[in-house]
Structure formats: structure tokens, C-alpha cells
Amino acid sequence: MRSLLFVPADSARKLEKGLSSGADALIVDLEDSVALTSKAAARAAAAEFLAAAREGAQRPRLIVRVNGLTTGMIDTDLDAVMPAGPDAIMLPKTVGGTDISHLAAKIAVREAEYGLKDGSTAIIAIATENARGVFALGTLAGASHRLSGVAWGGEDLAADLGAESNHGADGFYTDPYRLARGLALLAAAAAEVDAIDSVYTDFRDLDGLASECRDARRDGFVAKMAIHPAQVPVINEAFTPSADAVAHAREIVEAFSANPSAGVVGIRGRMIDRPHLRQAERLLARAASLAAAAPQP
């Protein structure tokens with residue numbers, strides 16, 4: 001996945017538009033974008049949408065963001081959407097591996113109850129939305145085989161900290177949020193799952209989005225969440241390995257394959273060592289995965 005587009009579950013129009021947005025995944029949202037009085041209707045709409053969308057020959061991954069574990073609503077959310085077989089559940093306000101294990105147990109029970117394949121429902125954690133979650137990032141690794149991604153978010157964290165803003169006068173995140181972002185990236189690497197960058201809230205500023213995407217890709221993020229369909233093409237382009245990058249990665253892999261006992265090889269006047277080989281292998285695997293998921297003519 002490169003792009004994950006948030007869509008409120010209580011908007012049939014936006015859900016349908018999301019299917020044609022080009023996003024790799026739709027996040028059918030039962031949490032922040034749905035008013036408390038609309039939760040029941042949103043659950044029913046989400047279940048209906050999921051059941052219909054799953055039948056599409058070419059469709060995005062279908063992820064449901066449920067309400068958090070402490071809200072008293074998550075069991076009702078899961079009961080509504082799990083029969084439709086979502087690809088993943090996104091857990092907001094995650095506080096460490098214990099929360100992931102707790103959710104995994106709830107999912108396992110419902111997979112069995114609704115006749116779904118065991119382990120078919122992944123978990124994506126939004127893991128920096130409060131200070132407790134930031135301090136618990138190191139416990140995500142090994143919490144569950146279902147964990148497939150770690151995302152970070154700065155908006156709820158700003159509210160938790162009582163901040164006036166999470167951006168400085170220069171338009172960039174201030175130190176507490178840069179710290180949370182970096183730790184989330186490290187947590188994803190430690191758990192060997194996808195690192196997913198936060199939303200870019202100014203959906204009209206596509207140049208700013210592109211810049212933030214480039215920075216995220218440089219640092220090791222492989223995907224970014226979106227709040228508007230217009231952001232999807234920008235995100236997809238940024239997180240798709242370029243033809244030059246793929247060619248260079250293949251050159252590195254072939255060089256080490258030809259010299260299996262070498263610790264270092266020379267390519268185009270540069271010394272390339274084993275960490276570069278690992279980077280190249282990961283890039284090629286990602287490019288292959290994206291190519292396999294692309295619609296076929």
C-alpha cells in the first residue's frame with residue numbers, strides 16, 4: 001500500500017467516490033469523522049458498503065477504523081463490520097502491544113463466529129495519538145501476527161498535550177511531533193511492518209503534500225494516509241519506486257549474486273555494502289508487490 005484514504009462511513013457518496021479515487025486502501029471511518037448520534041447508522045452503512053465492495057474484481061484494500069478500546073463502542077463496531085470481512089481493522093489511540101493483543105483476540109473470536117479464514121483480518125495501529133501511546137511504541141513488536149502497519153498521527157497528540165499548534169511558524173512540525181514521527185518509524189521497523197505517515201491536513205496544498213511525501217519516503221515510510229481524493233495521485237507517485245531506483249536496486253542485487261562471498265562490491269565508482277543490498281532487496285520486493293496489485297489490462 002502507498003495511499004490510505006479516510007472516508008466517513010456515514011457518507012454513501014464519499015464511499016463510492018473513494019472506490020474510484022485510485023487509493024490503494026480505503027479507511028472506512030467509524031471514529032472521528034462520525035458524530036456520536038450517527039454511529040449506529042454509520043455501522044450499518046459500513047457493513048453494507050464492505051459487503052458490496054468486496055465483490056469488485058479490482059478494488060482497494062478495505063480497512064475499518066473502529067472506535068478505541070476505551071470508548072465502550074469497539075465491540076459493537078466489530079460486530080457490525082466483521083461479518084462483511086474487512087481486510088484490516090485500524091485501531092486508533094493504540095497504547096502499546098497490549099492493545100494490539102486485546103484487539104487481535106476480539107478479531108479472532110469474530111473470524112471464527114462469522115466463518116472467516118483464521119488470521120485473514122490484519123491490524124493497523126495509529127500509535128502516537130496520546131503521550132501514553134508514544135511511550136509504549138517499543139512494545140508493539142511481537143504483539144500479534146496480525147499487525148501489518150504502524151501509523152502516526154499528530155492531531156490527537158496535540159490535543160492530548162494541550163498544545164496550541166503542532167506546527168511552527170515555518171509550517172513544519174515542532175519537536176514533540178517530529179519525535180513521535182521518528183519513534184513511530186522505528187517502532188514499525190522493529191515490528192517489521194509498514195510505516196505509514198500521517199495525514200497532510202491542507203488538502204488544497206498539493207505541492208506541500210508532495211514535499212512531505214518525499215521527506216517521508218526518504219526517511220523510510222512506505223505509505224501515507226489521505227483525507228481527500230485529490231491527495232491520492234500525489235501520494236501514489238511519491239511512494240512508487242521509480243524506474244531508475246528499481247534498475248539500480250536490481251544492479252546491486254545482481255552484483256552480490258555474482259559475488260556471494262563479498263562484503264562489498266563496486267558499482268559505478270561507489271562501494272556498496274550489505275546494508276545497501278538489504279535496501280535494494282526491500283525496494284524490489286515493494287515494486288513487485290505494487291506491480292502485482294495493479295489492475296491488469
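Here the relative contact order of the chain, from alpha carbon pairs under 8 Å that lie six or more residues apart, stands at 15 percent. Between Ala131 and Ala41, the C-beta separation translates, for a Förster distance of 41 Å, into a calculated FRET efficiency of about 0.80. Per the Cα gyration tensor, region 3-238 maps to an equivalent ellipsoid with semi-axes of 26, 21, 17 Å, ordered largest to smallest.
From least to most packed, judged by other beta carbons within 10 angstrom and beginning with the fewest, Ile272, Ile235 follow the order Ile272, Ile235.
Averaging 1/r across all pairs of distinct Cα atoms in region 177-297 and inverting the result yields a Kirkwood radius of 16.1 Å. Once the Cβ-Cβ distance of Asp273 and Asp207 is raised to the sixth power relative to R0 = 41 Å, the FRET efficiency obtained is 0.70. Candidates Ser198, Ser33, Pro241 compared by Cα position along the dipole of the chain: farthest toward the positive end lies Pro241, with charges placed on Cβ. In the chain, excluding the sites themselves, the longest stretch lacking any of the trypsin sites (Lys or Arg not before Pro) that are in a DSSP loop with at most 10 other Cβ atoms within 10 Å is 1-116. Working note: Debye formula, equal point scatterers on the alpha-carbon atoms of region 88-190, no solvent; log10 I(q)/I(0) at q = 0.23 Å⁻¹ is -1.10.
Across region 243-293 the C-alpha pair distances fall into 10 Å bins from zero in the proportions 27, 54, 17, 3 percent.
Given the -39500 (n - 2.57) contribution per DSSP H run of 4+ residues, what per-residue ellipticity at 222 nm results for the chain, rounded to the nearest 500 deg cm²/dmol? Can you show the working numbers first?
Numbers: 11 runs with 135 residues, N = 297.
Rounded to the nearest 500, the figure is -14000 deg cm²/dmol.
Could you give the angle, 0 to 90 degrees to the nearest 10, between helix 274-293's Cα long axis and the longest principal axis of the Cα atoms of the chain? Value to nearest ten degrees: 50.
Only Cα pairs within less than 10 Å get springs; with that Gaussian network setup on the chain, which residue of Ala44, Ala131, Ala112 has the largest fluctuation? The residue that fluctuates most here is Ala112. Can you list residues from other chains, or at least 5 along the same chain, whose modelled amide H is less than 5 Å from the amide H of His167? It is Thr174, by chain and number.
For region 1-65, the calculated P(r) over all alpha carbon pairs, in 5 Å bins from 0 to the bin holding the longest distance, is 4, 21, 32, 26, 12, 5, 1 percent. Cα centroids of region 171-231 and region 36-82: 25 Å apart.
Under a 10 Å cutoff between Cα atoms, tell me which one of Ala195, Ala125, Ala105 has the largest fluctuation in the Gaussian network model of the chain. Most flexible of the set in this elastic network: Ala105. As a rough footprinting exposure proxy, the listed residues Ile126, Ile267 were ranked by other beta carbons within 10 Å of their own, and the order from fewest upward is Ile267, Ile126. Looking at the chain, the DSSP beta bridges with both ends there are about 15 percent antiparallel. Build a GNM of the chain with springs between Cα atoms under 10 Å apart, and of Ser261, Ser211, Ser38 the one that fluctuates most is Ser261. The string of couplings for region 199-206 from the Karplus curve (6.51, -1.76, 1.60, θ = phi - 60°) is 5, 9, 6, 8, 5, 8, 8, 6 Hz, one whole number per residue in order, with x for Gly and Pro.
For each pair in Lys17/Lys106; Lys17/Lys39; Lys93/Lys117, compute the distance between the two Cα atoms and list the pairs where it is over 25 Å. Violating the 25 Å Cα-Cα cut-off are Lys17/Lys106; Lys93/Lys117.
Available extension along the chain between Ala258 and Leu186 is 22.7 nm, counting 0.36 nm per residue and deducting the alpha carbon span.
Order of Glu237, Glu212, Glu55 from fewest to most other C-beta atoms within 10 Å?
Arranged by neighbour count, lowest to highest, Glu237, Glu212, Glu55 become Glu55, Glu237, Glu212.
Computed from the coordinates by the stated procedures, all read-outs in this text should not be read as laboratory data. Quick caveat: nothing in here was measured; it's all calculated off a predicted structure. Quick reminder, even Gly has a Cβ in these numbers, built from the backbone with ideal geometry, and neighbours come from all protein chains shown.
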